[in-house]
Amino acid sequence: MYRTDLYEGMLAETIGLAGNGGEQINAYFARPLGAGPFPAIVLIHHMPGWDELYREFTRKFAHHGYLALSPNLYYRVGHGTPEDVAARARAAGGVPDEQVMGDVAGALRTLRALPYCSGKVAEDTVGVFGTCSGGRHAVLAACRVPGFAAAVDCWGGRVVMAPDELTPNQPVAPIEYTADLACPLLGLFGEEDRSPTLQQVEQHENALRQHGKTYEFYRYPQAGHGFFYYDRPNYRQGPAMDGWQKVFDFLQKHLGAGAE
C-alpha cells in the first residue's frame, strides 16, 4: 500500500542491449533506486511504435517496484519520430516474429544479468507485457522464449490468424504455440474490439483450457481496442483503471514483491 512517508526514487534512461543475433539495439530502462532485489518486466511496444506512451508505461512499472525494460523493436528500420519510424516498419510488413523473439530474449538476458534483479538468482521473477501488436508478441514470447514467469496480453490482435493472413514476417499464428505456453497468462480485452474479436478471444481461451494452461481473461463492455491509451479517443477510464489494477495484482502474484 502506498504511504506518504515512503522513500521514492527512480532512474530512467536509454541503454543498449544485445538483441536478435547479438545485434546491438537501443532500449528504454527504468528502475527503482535501491539495492533491491527487484522483480522485472520486459515491455513490448505496440505498432504505433517505441513512443512516449511506452516510456510512460516503463516508468509506471518502475514506480510499482519493477525493473522495466522496453526494447526498440524498430531499431533496424532507422531513426526519427516514432510515427515516421512506425510507418516505415508497417510498410515493410511489420518486424519479423523471429527477430522480435530474439530482441525480447536479449532484453530478458539483460535484466537477469543485473545484480539487483531478483531473476538473477530466482529464474521465476521476470515477466513480459505488451499491448496491441506487443500483446501478440507477449503471447509468442511466453511460448517461445524460455525464462518468463508471467505474461500480460492487452488486446493483442492476430493471436488467432486465418491461413490467408499468414505472412513471411508472421508465418505462424501464436495460438498454434499454445501447448508450449510456459507461464501464466493475463489477457485484457474490449468487447467492442475488432482485432481481436470476442470470437477470437474465445477461441484463444478454448485453446488455453484444452491444454490445461493457467490464465486469466477479462472482457470489458463498452471498451474497444487500446482502452489504456489516454491520448486517444478509445481511452476508457473505468476499464483502464481496473485493467491496470489487474495487471499489478497478477504480476505480484506470479513474480513476487513489487511495490503495491
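For the reader, a short list of remarks on this structure follows.
- Shape call, the range 1-134: gyration tensor on alpha carbons, a/c limit 1.5: prolate
- Which of Ala113, Phe61, Cys183, positive extreme of dipole for the range 60-208 (C-beta unit charges): Ala113
- Sites Glu205 and Gln245, calculated FRET efficiency, Cβ-Cβ separation with R0 22 Å, nearest 0.05: 0.55
- Per-residue ellipticity at 222 nm from helix content only, as computed over the chain with -39500 (n - 2.57) for each DSSP H run of at least four residues, stands at -10000 deg cm²/dmol.
- Solvent-accessible area of Thr214 with every protein chain in place, 1.4 Å probe, in Å² to the nearest 10: 90
- DSSP-defined beta bridges in the chain - what % are antiparallel, rounded to 5: 35
- Under the shape rule built on the C-alpha gyration tensor, where the axes satisfy a ≥ b ≥ c, the range 157-216 is oblate, since a/c reaches at least 1.5 while a/b does not exceed b/c.
- FRET E, pair Asp84, Glu8, Förster distance 35 Å, beta-carbon r, rounded to 0.05: 0.50
- Rounded if a/c under 1.5, otherwise prolate or oblate - the chain, Cα gyration tensor axes: rounded
- A DSSP coil position with no more than 16 other Cβ atoms inside 10 Å describes the following GluC sites (Glu not before Pro) in the range 80-141: Glu123.
- Under DSSP loop assignment and at most 12 Cβ neighbours within 10 Å, longest trypsin sites (Lys or Arg not before Pro)-free interval of the chain: 4-193
- Largest GNM mean-square fluctuation across Gly190, Gly106, Gly212, computed for the chain with C-alpha springs under 10 Å, falls on Gly212.
- Cβ-Cβ FRET estimate between Asn234 and Ala113, R0 fixed at 41 Å, reported to 0.05: 0.65
The values are calculated or read from the model by the stated rules, or taken from the named source; none is laboratory data. This is a predicted model, so every value here is computed, not measured. Using ideal geometry, Cβ is built from the backbone for each residue, glycine included, and neighbour counts are taken over all protein chains shown. With ligands, DNA and RNA removed, areas are computed over all heavy atoms of the protein, side chains included. Shrake-Rupley method; radii C 1.70, N 1.55, O 1.52, S 1.80 Å.
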